[in-house]
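A quick write-up on the structure given underneath.
The values are calculated or read from the model by the stated rules, or taken from the named source; none is laboratory data. Fair warning: this is a prediction, and the values are worked out from it, not measured in the lab. Don't worry about glycine lacking a Cβ; one is built from the backbone with ideal geometry, like all the others, and counts go over all protein chains shown.
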């Protein structure tokens with residue numbers, strides 16, 4: 001039975017390494033997902049800023065065009081003022097010119113405000129475009145590195161798969177079946193039992209069971225977690 005327990009100990013180490021490879025593979029994929037998410041987020045931000053810039057430029061041009069129209073109206077009003085036939089017509093032209101003047105001031109102020117928006121958004125847009133380029137360059141590099149990492153990890157996994165096949169060949173079918181059931185349920189199937197404590201669940205084992213387990217003459221499972229118990233320093 002000692003040889004069977006030793007084989008189980010090696011099999012457990014191999015399965016742990018296998019699971020670690022899966023963790024590393026998941027980490028590679030998760031990191032790429034996070035970077036791609038950042039790229040998509042900045043891409044969306046750029047699109048919103050481009051739309052904002054386009055709208056600000058359009059509104060500014062609308063006010064500029066309106067200012068030009070007001071200037072034309074002002075010129076016509078002043079010409080009519082010059083040929084006014086009486087005070088009533090003169091006052092009407094004065095009021096019209098004053099209204100046009102206020103409208104021009106309002107449009108000019110709004111055009112100036114929109115120009116500030118255009119400059120601010122344009123500056124932001126350039127900065128975010130630089131960030132986006134940096135991120136896309138980094139993503140391209142990381143995707144290339146991820147391909148290499150995945151290939152290396154999968155190669156390691158293939159080696160472990162071959163080693164596991166060899167190790168399982170050393171374990172009797174009925175014991176391997178127990179091992180696999182516990183592995184599927186608990187994530188690990190064996191645990192060292194030292195000083196009467198199962199190192200898998202950290203619960204105490206009955207003294208008589210512990211003494212039997214120390215002799216390594218039969219397969220003993222933890223009464224609490226069902227892991228296969230290994231005596232301390234089994235391989236020494």
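Tabulated data for the structure shown
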item: Residue among 204, 216, 140, 146 that alone is over 30 Å from residue 51 (Cα atoms) and assigned by TED's automatic domain parsing to the domain that holds residue 15; result: 146
item: Residue in region 53-62 that is exposed (fewer than 13 other Cβ atoms within 10 Å of the Cβ) and closer than 30 Å to residue 157 by Cα present; result: no
item: Among (1) free of Cβ contacts under 8 Å to residues at least 12 places away in the same chain; (2) more than 30 Å from residue 43 (Cα to Cα) - the single one residue 225 does not satisfy; result: (1)
item: Given (1) part of a helix (DSSP H, G or I); (2) free of Cβ contacts under 8 Å to residues at least 24 places away in the same chain; (3) loosely packed, with under 15 Cβ neighbours inside 10 Å, number of the condition residue 85 does not satisfy; result: (1)
item: Residue check, residue 158 under 17 Å from the mean Cα position of the chain (by Cα), assigned by TED's automatic domain parsing to the domain that holds residue 15, part of a helix (DSSP H, G or I) and within 30 Å of residue 11 (Cα to Cα); result: no
item: Condition met for residue 109 (at pLDDT 85 or above and in contact with a strand residue (DSSP E or B) (Cβ under 6 Å, 6 or more places away or on another chain)); result: no
item: Breaking point among (1) touching a helix residue (DSSP H, G or I) at 6+ places or on another chain (Cβ under 9 Å); (2) surrounded by 16 or more Cβ atoms within 10 Å (Cβ to Cβ); (3) closer than 30 Å to residue 25 by Cα, for residue 187; result: (2)
item: Complete set of residues in region 197-219 that are within 23 Å of residue 11 (Cα to Cα), touching a strand residue (DSSP E or B) at 6+ places or on another chain (Cβ under 9 Å) and either modelled with pLDDT under 90 or part of a loop (DSSP other than H, G, I, E, B) (or both); result: 199, 200, 201, 216, 219
item: Pair list, Cβ < 8 Å and 6+ apart or interchain, from region 17-45 residues that are surrounded by fewer than 15 Cβ atoms within 10 Å (Cβ to Cβ) to residues that are not in a helix (DSSP H, G or I); result: 19/187
item: Region 167-182: number of residues that are under 16 Å from residue 2 (Cα atoms) and in contact (Cβ under 8 Å) with a residue 12 or more places away in the chain; result: 7
item: Failed criterion for residue 232 (all others in (1) touching a strand residue (DSSP E or B) at 6+ places or on another chain (Cβ under 9 Å); (2) part of a loop (DSSP other than H, G, I, E, B); (3) closer than 17 Å to residue 178 by Cβ hold); result: (3)
